[in-house]
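Undergrad: Below is a structure I'd like to ask you about.
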Amino acid sequence: MGDGGERELQHLFDEYAGLVTQTRLTCLGLGRGRVRHLLDTGRWQRVLQGVYSVTSGPLTRTMVLEAALLYGGGAAVLSHRTAAEEWGMLPVDDTEPVHITVPVGRSALPQHPTLRCAGRKSELPVPEPNSVLHPGVVVHRSRAHAHIAVDRRPPCTTKADTALDLATAQTTAHDAYLSLIATVTNGNIRLTDVRRRLEERP
């Protein structure tokens, strides 16, 4: 990899909180063999399928969320409980998987939690081996994907759509009602916004 590739790789690390995908690495000329060596020696760690951290330590919440978005692809947005946490509608629970929504047709599959483990050739100590490194990813798909996201970092579903997603995920109408009341109140969502989204969404 030349100097230009090294600079672009560093830019990726800076932009995505020390995370990178195998797809981007391949585009920069860093092959799977080189990546496997970095993982085996413990310099990097696998966070999710095709997503790596260039550090061997624990992940911050920012890194956990960014890893899920990178796994989902460029159009992925935080949704459901995770978006509600980001909007302040629910308390943050780091043990819960990250919820993302992608457009219909995307092939991303749910991911189980990733555990900390030493690389096959690593001599570096692993903090809390077999503890959870990443809590996993729940993938939702939406035909209205282009209309439910808001331009922010990290990208999320809108407040109203987040509240509706959480309500429709409940098992009973009563639970859905309670969920909607709580998220609308905690998120300071205007009822007119909720009504409008109810009319617009199928």
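The values are calculated or read from the model by the stated rules, or taken from the named source; none is laboratory data. In this text the structure is predicted, and so the values were computed from the model without any measurement. Using ideal geometry, Cβ is built from the backbone for each residue, glycine included, and neighbour counts are taken over all protein chains shown. Note: accessible area is taken over every heavy atom of the protein model, side chains too, but ligands, DNA and RNA are not part of it. Shrake-Rupley method; radii C 1.70, N 1.55, O 1.52, S 1.80 Å.
Undergrad: When the dipole is taken about the Cα centre of the chain, and only Lys, Arg (+1) and Asp, Glu (-1) are charged at their Cβ, what size is it in debye, to the nearest 20?
TA: 480 debye
Undergrad: On to the next question. Where the accessible area of the chain is counted over protein heavy atoms with a 1.4 Å probe, how much of it, in %, is carbon and sulfur?
TA: The C+S portion of the solvent-accessible surface of the chain is 53 percent.
Undergrad: Suppose every Lys and Arg Cβ carries +1 and every Asp and Glu Cβ carries -1, with no other charges. What dipole size does the stretch 124-202 come out with about its Cα centre, to the nearest 20 debye?
TA: Rounded to the nearest 20 debye, it is 280 debye.
Undergrad: When ligands, DNA and RNA are left out and all protein chains stay put, how many square angstrom of accessible area per residue does the chain have with a 1.4 Å probe?
TA: 55 Å²
Undergrad: Under a crude label model (7 Å from the Cα following the beta-carbon direction), how far is residue 120 from residue 10 in nanometres?
TA: For the pair residue 120/residue 10, the computed spacing is 3.2 nm.
Undergrad: Using only Cα positions of the stretch 134-202, each an equal point scatterer, no hydration layer, compute I(q)/I(0) via Debye at q = 0.11, 0.12, 0.19 Å⁻¹ and quote the log10 values to two decimals.
TA: One equal scatterer on each Cα of the stretch 134-202 leads to -0.28, -0.33, -0.84.
Undergrad: Right, something else. Specify, per residue and in Å³, the volume enclosed by the convex hull of the alpha carbon atoms belonging to the stretch 74-202.
TA: 141 Å³
Undergrad: Further, regarding this structure: Once each part is reduced to its C-alpha centroid, what is the distance from the stretch 114-167 to the stretch 1-80 in angstrom?
TA: 14 Å
Undergrad: Which whole-number percent of Cα pairs in the stretch 1-118 have a distance greater than 16 Å?
TA: 63 percent
Undergrad: Starting from the 7 Å offset along Cα-to-Cβ, what nm value, one decimal, do you get for the label separation of residue 144 and residue 201?
TA: Label-label distance for residue 144 and residue 201, simple model: 0.6 nm.
Undergrad: While we're on this one: Which order do the peptides 76-83, 96-103 come out in when sorted by mean C-beta neighbours inside 10 angstrom, highest first?
TA: Per-residue mean Cβ counts within 10 Å order the peptides as 76-83, 96-103.
Undergrad: In nm, what is the difference between 0.36 nm times the number of residues separating residue 104 and residue 130 and their Cα-Cα distance?
TA: Computed gain between residue 104 and residue 130 is 5.9 nm.
Undergrad: So, one more: Nearest 0.05, what FRET efficiency do residue 168 and residue 49 give at R0 = 35 Å with Cβ-Cβ as r?
TA: According to the calculation, E is roughly 0.80.
Undergrad: Suppose each label sits 7 Å from its Cα in the direction of the beta carbon; what would the residue 175-residue 188 distance come out to in nanometres?
TA: My value for the distance between the label points is 3.0 nm.
Undergrad: Taking H placed 1.01 Å from N in the peptide plane, check which residues at least 5 places from residue 169 or on another chain put their amide H under 5 Å from its amide H.
TA: Close amide H contacts, sequence-distant or interchain: none at all.
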